[in-house]
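Working notes for the structure below.
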Amino acid sequence: MAHRFPSDAWIKALCAELNASEAYANAAKNWEGDFYFIVEAGGPLEKDVWLYMDLWHGKCREAFEVTDPASKSPEFVMSASYEDWKKVVLGELDPIKGLISRRLKLKGNMNKIMRAPQAAKELVACCTKVETEFPA
Amino acid sequence: MWYFDSPHIVYGEDARCVLETVEGRRAFIVTDPTMVRLGFVDEVRRRLESAGLEVAVFSEVEPEPSLQTAVRGAEAMRAFEPDWIVGLGGGSCLDAAKAMWIMYERPDVTPDSINPFDTYHLRQKARLITIPTTSGTGSEVTWAIVLTDTAEQRKLGLGTRECVADIAIVDPYFVQGMPARLTADTGMDALTHAFEAYVNTWHNDFSDGLALQAIKLIFTYLPRAYRDGRDMAAREHMHNAATIAGLACSNSLFALAHSLGHSLGALFHIPHGRAVGLFLPYTIEYSAPSGAARYADIARFLGLPADDEETAAWALSARVRQLMHEIDQPQSIAALGIARADFDAQLEALVDRAESDSQTVTSPRVPDRGEFARLFVYAYEGRPIDF
């Protein structure tokens with residue numbers, strides 16, 4: 001079943017993919033940090049969509065669409081346009097390249113992210129496995 | 001969307017004469033005691049002074065420069081207030097110059113936080129000239145900075161595209177007396193840069209041609225420069241090749257030989273070029289089955305068998321081993337003089353470091369933990385890769 005991006009169902013499906021991935025578990029075994037992923041309004045989105053994901057030692061502990069951004073204060077906040085997120089989800093835009101070229105904007109410890117490129121790569125690999133429907 | 005960054009490059013015999021045309025008030029040379037002893041600092045100082053610049057020298061850069069040295073140099077810079085910074089030396093001096101420059105421009109920036117995602121607005125106070133005196137690191141044209149935090153005993157891989165030099169002076173005058181061993185080690189560093197710039201997953205149209213030409217130049221001229229350091233044609237081509245390879249990898253990235261080499265170098269204190277070069281043939285053989293490394297392109301360019309990726313990869317690894325033989329380069333970890341018991345004791349740590357190295361992720365074939373261990377063991381024993 002395809003999940004619409006971005007949505008609560010989609011981020012939960014990604015969470016399940018991560019928890020099923022041995023490659024992600026290995027690559028992110030030392031990672032501790034949670035995220036807000038902000039998909040900015042534009043294109044098919046009338047308003048920003050906020051997704052929360054808590055990643056901890058190779059597992060996804062929690063994931064949901066955020067209704068109140070003040071409800072969490074995650075270590076990292078990553079934002080981009082809908083079109084750029086779509087490219088990341090499809091595996092067409094390397095997230096590290098996206099950060100360097102500033103198409104993805106990050107608030108948080110940049111160097112911590114730079115030390116986890118393999119985890120980022122495996123996370124994107126899991127994104128591409130989620131059956132995704134992109135609204136036109 | 002991606003970028004291609006390069007300094008204005010002045011190369012060839014007498015390229016250093018361009019220093020006499022630099023316009024400014026004060027130049028601050030960042031270098032090491034060897035450059036002072038060899039007279040290179042005086043050579044650069046004289047030319048800058050003839051351009052009307054006041055010159056100060058910081059000659060305390062050590063091999064594998066420390067964060068603490070970079071902080072001291074930046075303090076000296078702030079006192080002198082230069083509008084030109086001149087990095088003169090091997091990769092250590094050039095990396096130190098970049099770090100000091102950033103701290104001089106931005107005293108509010110914590111040195112270990114320098115990263116490619118932030119904007120620093122450099123060049124408000126000074127610009128950077130780099131003058132390499134080895135033919136290998138490519139630091140004269142790259143945006144990478146490697147420092148060691150001696151307080152916490154850790155290596156810091158830093159960098160921002162803003163710290164690519166304004167002018168790189170690639171003059172063979174500065175490498176004419178380079179010892180044979182250093183010529184071989186730094187030459188293997190350049191060859192590994194060129195190979196990995198071509199095969200890593202961030203390769204691009206702009207870096208590809210540079211990588212291929214650098215590989216061809218190094219295969220042709222490194223043995224000559226090693227055998228006869230006075231062969232100035234070979235010296236000049238090798239000097240150019242190292243800079244070209246640096247441009248290639250700085251604008252794409254690296255791959256597995258760097259991950260393995262960084263790990264071995266850090267734990268057993270092996271010179272960088274010797275360590276990464278040692279792994280090059282093994283990683284070519286390992287990466288071949290991925291089909292993604294484009295070895296056939298390289299082999300075809302060199303006139304080697306290139307019917308398919310496997311054939312090309314094995315022809316290339318044999319060619320690299322032949323080159324290493326010609327320049328008396330160790331071809332196994334055992335040949336570096338590391339005892340088997342010491343190697344076995346560090347194997348887990350070697351794998352840990354290689355696995356988490358930032359160059360691993362852009363390799364055409366990424367090993368799992370077990371394969372990392374086997375790669376190290378095969379490289380220890382000098383066995384061709386068969387998995």
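Geometric descriptor of the range B:286-339, per residue, is 78 Å³ (volume of the convex hull of the Cα atoms).
For B:R224 and A:K107, a Förster radius of 56 Å and the Cβ-Cβ distance give a FRET efficiency of 0.60, rounded to the nearest 0.05.
Starting from the Kirkwood radius over alpha-carbon pairs of the protein assembly as shown, derive D by Stokes-Einstein at 10 °C in a medium of 1.306 mPa s and give it in µm² s⁻¹.
Working: Rh = 24.2 Å.
The diffusion coefficient I find is 66 µm²/s.
With R₀ set to 41 Å, the beta-carbon distance separating A:K72 from B:D166 gives a calculated FRET efficiency near 0.40.
Label separation (B:R154 vs A:R115): 0.4 nm, computed from points 7 Å beyond Cα along the C-beta direction. Between B:D5 and B:R300, the distance separating the two model label sites (each 7 Å from Cα on the Cα→Cβ line) works out to 3.3 nm.
Against the main long axis of the alpha-carbon atoms of chain B, helix B:40-50 sits at an angle near 40°.
Would you list B:M178, B:M232 from fewest to most Cβ contacts within 10 Å?
Details: B:M178 24, B:M232 16.
Least to most surrounded, the residues fall as B:M232, B:M178.
Find how many whole Å separate the alpha carbon centroid of the range B:121-160 from the alpha carbon centroid of the range A:57-136. Here the answer is 30 Å between Cα centres. With the biggest extent put first, the Cα atoms of the range B:196-240 measure 38, 14, 11 Å across the principal axes.
Using only C-alpha positions, report the orientation-averaged shadow area of the convex hull of chain B, nm², one decimal. Don't skip to the end; give the middle numbers.
Details: hull surface 71.1 nm².
Taking the Cα atoms of chain B, their convex hull projects to 17.8 nm² on average.
Classify the range B:293-372: rounded, prolate or oblate, from the alpha-carbon gyration tensor (a ≥ b ≥ c, eigenvalue square roots; a/c under 1.5 rounded; otherwise prolate if a/b is larger than b/c)? Intermediate results must be reported in sequence, preceding the final value.
On the way: a/c = 3.05, a/b = 1.44, b/c = 2.12.
Oblate, since a/c reaches 1.5 and b/c is not below a/b.
The H on the amide N of B:L156, modeled in the peptide plane, is under 5 Å from the matching H of B:L147, B:T148, B:D149, each at least 5 residues off or on a different chain.
Counting only whole DSSP H helices of chain A, there are none at least 27 Å long by C-alpha along their axis and with mean Kyte-Doolittle hydropathy no lower than 1.0.
Taking amide H as placed 1.01 Å from N in the peptide plane, A:T132 has its amide H under 5 Å from the amide H of A:H3, each at least 5 places away in sequence or on another chain. For the pair B:V109 and B:D368, label points projected 7 Å from Cα toward Cβ lie 4.1 nm apart. With only the Cα atoms considered, the range B:1-158 has a convex hull volume of 122 Å³ per residue. Applied to the range B:158-166, the Karplus parametrisation 6.51 cos²θ - 1.76 cosθ + 1.60 on θ = phi - 60° returns per-residue 3J(HN,Hα) values of 10, x, 8, 4, 5, 8, 5, 4, 6 Hz, with x for Gly and Pro. Gyration tensor analysis over the Cα atoms of the range A:38-136 returns equivalent ellipsoid semi-axes of 19, 17, 15 Å (largest first, whole Å).
Rounded to the nearest whole Hz, the Karplus-based 3J(HN,Hα) values (6.51 cos²θ - 1.76 cosθ + 1.60, θ = phi - 60°) of the range B:289-300 follow the sequence x, 5, x, 9, 8, 6, 5, 4, 4, 5, 4, 4, with x at glycine and proline. Karplus-derived 3J(HN,Hα) values for the range B:225-235, using 6.51 cos²θ - 1.76 cosθ + 1.60 with θ = phi - 60°, are 5, 6, 5, 9, x, 8, 6, 6, 5, 5, 4 Hz; glycine and proline are entered as x. If you sort the three axes of the alpha carbon gyration tensor as a ≥ b ≥ c, you get a/c under 1.5 for the range B:141-205, which makes it rounded. Here the scattering of the range B:1-83 is modelled by Debye summation over its C-alpha atoms, one equal scatterer each and no solvent; at q = 0.20, 0.23 Å⁻¹ the log10 of I(q)/I(0) is -1.05, -1.18. Mean sequence separation of contacting Cα pairs (under 8 Å, at least six apart), scaled by the length of the range A:1-98, corresponds to a relative contact order of 28 percent. With neighbours defined as other Cβ atoms within 10 Å of a residue's Cβ, the residues B:H203, B:H325 order from fewest to most as B:H325, B:H203. With neighbour counts taken as other beta-carbon atoms within 10 Å, the residues A:F134, B:F40 rank, fewest first, as A:F134, B:F40.
Within straight-line reach of A:K12, meaning a Cα separation under 21 Å, sit the following lysines at least 8 residues removed in sequence or on another chain: A:K29, A:K47, A:K59, A:K72, A:K86, A:K87, A:K121, A:K129. Computed from the alpha carbon positions, the gyration tensor of the range B:254-303 leads to an equivalent ellipsoid with semi-axes of 25, 11, 7 Å, biggest first. Summarising the amide proton neighbourhood of B:V55: residues at separation of 5 or more, or on other chains, whose placed amide H is nearer than 5 Å comprise B:A27.
Every read-out reported here was derived from the displayed coordinates using simple, explicitly stated rules and does not represent laboratory data. Keep in mind that this is a model prediction, so the values were computed, not measured. When we count neighbours, we look across all protein chains shown, and the Cβ atoms used for this are built from the backbone with ideal geometry, even at glycine.
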